[in-house]
Amino acid sequence: MLAGAVTLAGLSTAALAQRDPAYAAARSAGQVGEQPDGYLGVVGGGSAELRALVSNINIQRKAAYTQKAQASGATVEQLAFTSGCNLIAQTQPGEKYKAPDGSWQTRGAGAPQRDSRCV
C-alpha cells in the first residue's frame, strides 16, 4: 500500500509540473533533474527564475508527500525517498538525474543509476 501511495504522490506532482512549459523546457534542456530524495534539483547554478520554479515544484511535492504520509502511516522522508527512486526510474533518455554518488548524470538508453535501497 505504501508503494502505491508513493507512486500516486510522485505521479500527481510530476503531472502538475509537466503542464508548465517552463518546467518542460528546463527538463529537456538538462537544467533540472530528479534527485534521490524525491525533489527536483537545479543542475548548475540556474537563473533566479529557474530556482523559483524548482522551489515551487518542490513545495508542491512536499505537500503531496506530507498528505500521503499522514494517510499511510509512513514518514514524509520515506515517501519522498521512494518517490525519488520511482521518478529517477521514469526519466527518459537525455534527461538529468542525480546518481547515488551525488553527481548529475544524463540518462542513456539503459537504466539510470539508483540508490541500492530502491526496489
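Figures for the structure shown
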| read-out | value |
| --- | --- |
| Å³ per residue enclosed by the Cα convex hull of region 79-119 | 64 Å³ |
| Region 52-119: trypsin sites (Lys or Arg not before Pro) in DSSP loop, at most 16 other beta carbons within 10 Å | Arg117 |
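Where a number appears in this text, it was derived from the coordinates with a stated rule and is not lab data. Keep in mind the model is a prediction, meaning the values are calculated, not measured. When we count neighbours, we look across all protein chains shown, and the Cβ atoms used for this are built from the backbone with ideal geometry, even at glycine.
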